[in-house]
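Have a look at the structure below before the remarks.
The values are calculated or read from the model by the stated rules, or taken from the named source; none is laboratory data. Since this is a predicted model, take the numbers as computed values, not measurements. With ideal geometry, Cβ positions are generated from the backbone for all residues, glycine too; neighbour counts draw on all protein chains shown.
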Amino acid sequence: MSRQFNFDKNGISITIDIDNQSFINPISLVDGTKYIKGVLTNKERLINRFVNPIKETSERTGWETDKFINDVINMYDQVEPFTYVEAFKIEDQQFRATVFGSIDVTEMIETLGAKRIATDGKHVNQKVYSESGEFLGYHEFDNIYEVHEVSGEKLGLEENLYALKCWCTTTNKEHWLWIEDQYKDSPLEAVASTFRIHENLIPHIKEIKRQGDILLVELNQEVEPQGDIVPLTAEQYFGFLTAQS
């Protein structure tokens, strides 16, 4: 297995194949650089926030990254960030999610055109932590979930898409998640469906913590994951959820 460097800072999350001086397969030099340009919109930011941190890591580890860095710098001037249409056509599911994480989803949905078709809410009492991880106690929140039907016409699609807007009336923060059309009429089941886990682990879940698309699960005992990976129901999801941001 080749050596890999997971670059996750400055709004960029991507893996570099050190031995092959490339992005990790199946991400091509073109696609990897298009993604980075969507986050770092000028050459100065590219150098300061991507190239220099890699050079610093290379100096500490002795890794050779000069060819990779030069390839990215040269390609940067030849590409443009992913368009909405291109982002939807990315075949690798993980990379597609990464690219969408760099896109202003609110702006995207407004551009494509959408209408709200379902709304539901949930009053929760959850743990709150400081930025350093200190437990600050429990706070009550009112979370609102709205399903929006997004036009697929401008993406060259015959069918429409569905996005879930999650926002808190206390903090006024919002987050968007793409959902499958089978959940479009049930916002609470929709948000629960975005948390998927091996079915045999569900009886052993102690609590769930969520930060955007990052989901952390704590079990009440050590269990080896087996069987199908399934979505949680709304009852399970909100029953286990103890913290989110």
Open item on the list: Against the condition out of contact with any helix residue (DSSP H, G or I) (no Cβ under 8 Å at 6 or more places or on another chain) and among the polar types (S, T, N, Q), how does Asn10 come out, does it pass?
Closed with: no
Open item on the list: Regarding the stretch 117-131, can at least one residue be identified that is over 30 Å from Ile24 (Cβ atoms), surrounded by 14 or more Cβ atoms within 10 Å (Cβ to Cβ), touching a Ser or Thr at 6+ places or on another chain (Cβ under 6 Å) and among the basic types (Lys, Arg)?
Closed with: yes
- [ ] Test each condition in (1) on the phi < 0 side of the Ramachandran plot; (2) in contact (Cβ under 8 Å) with a residue 40 or more places away in the chain for Phe135 and report the one that comes out false.
- [x] (2)
- [ ] Of all residues in the stretch 50-62, count the ones that are assigned to a helix (DSSP H, G or I) and free of Cβ contacts under 8 Å to residues at least 40 places away in the same chain.
- [x] 8
Open item on the list: Just the residues that are out of contact with any Ser or Thr (no Cβ under 7 Å at 6 or more places or on another chain) and polar (S, T, N, Q), please, taken from the stretch 155-210.
Closed with: Thr169, Thr170, Thr171, Asn172, Gln182, Ser186, Ser193, Thr194, Asn200
Open item on the list: Return the residues of the stretch 212-245 that are outside any helix (DSSP H, G or I), closer than 18 Å to His123 by Cα and modelled with pLDDT under 95; say none if nothing qualifies.
Closed with: Leu241, Thr242, Ala243, Gln244, Ser245
Task: From the options Ile47, Ile69, Ile73, Ile109, residue that is among the β-branched types (Val, Ile, Thr) and either outside the structural domain of Asn20 (by TED's automatic domain parsing) or in contact with a strand residue (DSSP E or B) (Cβ under 9 Å, 6 or more places away or on another chain) (or both) - done: Ile109
Open item on the list: Condition first: in contact (Cβ under 8 Å) with a residue 12 or more places away in the chain, touching a Leu at 6+ places or on another chain (Cβ under 6 Å) and assigned to a loop (DSSP other than H, G, I, E, B). Can you find one or more residues in the stretch 63-73 that meet it?
Closed with: no
